[in-house]
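Single-structure report; data block below.
None of the figures in this text is laboratory data; all of them are computed from the coordinates on show. As the structure is a prediction and not an experimental result, all values here were calculated from the model. A quick note on method: Cβ atoms are made from the backbone with ideal geometry, for glycine too, and the neighbour counts reach across all protein chains shown.
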Number of protein chains: 2
Amino acid sequence: MSEKHEHNHNHPHKHTQKVVNRLARIEGHVRSIKDMTRNGRDCSEVLLQIAAVRKALDNTAKLLLKDHLEGCVVEAVHKGNEKEVLSDLHKALDHYLK
Amino acid sequence: MSEKHEHNHNHPHKHTQKVVNRLARIEGHVRSIKDMTRNGRDCSEVLLQIAAVRKALDNTAKLLLKDHLEGCVVEAVHKGNEKEVLSDLHKALDHYLK
């Protein structure tokens, strides 16, 4: 509606750097699980590590989603163009929570 | 009980290479999501990609688990020492499916 909502999708979110850092850690974790598997480590240990990565991914998605809700979604509602943003978000949630 | 069960936990599973390849792809996928996030790409798109990685992780865990059941677990039952193997596996499943 006014100047304060003029930023586009490229604006930084509050937690972008945190999300990037978490993804970097997850990337390294997956690399180490790959090496464990290649070295014939016990299957249950590998499964435990995959479960840990899954949990870390869920927490990262949650952080991203909260950022998105506080940033893009609130902004879109203010601008009155929330339809597309919400439709994209619902699609993403449908993929995530199935 | 006999020579055919003498291999240890370092024996290759049927699908070890497949699991390693999948983990390598997942590692690359996480790296690209990290770059997407850093470059300010749309949150819904990032969420979609995280959901895809989660799905790929689940499928990798499933493949590993099947390998484990057909290999280690059957072998342990034949040897009569399934207690520890099953206890480790139950722990891993508890972590995975919660």
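Between identical copies, the spacing of A:Arg25 label points, each set 7 Å from Cα toward the C-beta atom, reads 2.7 nm from nearest to farthest. Ratio of Rg to Rh for segment A:46-98: 1.14 [Cα atoms; Kirkwood radius as inverse mean 1/r over pairs]. Compute the signed sum of charges (Lys and Arg +1, Asp and Glu -1) over the other residues within less than 12 Å, Cβ to Cβ, of A:Lys91. For residues surrounding A:Lys91, the net value is -4. Segment A:52-96 and segment B:39-98 have Cα centres lying 27 Å from one another. Take each residue in A:87-98, count the other chain C-beta atoms within 10 Å of its C-beta, and the mean is 4. Over 24 Å between Cα atoms: which of B:Lys14/B:Lys79; A:Lys14/B:Lys62; A:Lys66/A:Lys98; B:Lys18/B:Lys83; B:Lys62/B:Lys83 fall into that group? From B:Lys14/B:Lys79; A:Lys14/B:Lys62; A:Lys66/A:Lys98; B:Lys18/B:Lys83; B:Lys62/B:Lys83, over 24 Å: A:Lys14/B:Lys62; B:Lys18/B:Lys83.
Note on the protein assembly as shown: Rg/Rh from C-alpha atoms, Kirkwood Rh, equals 1.12.
Between helix A:16-38 and chain A there is an angle of about 20 degrees, using the helix long axis and the longest principal axis of the Cα atoms.
The C-alpha atoms of chain A define a longest principal axis, and helix A:82-96 lies at about 10 degrees to it.
Axis angle, to the nearest 10 degrees, between helix A:43-68 and the longest C-alpha principal axis of chain A: 10 degrees. Relative contact order for chain A: 37 percent, from Cα pairs under 8 Å spaced at least 6 residues apart, divided by residue count.
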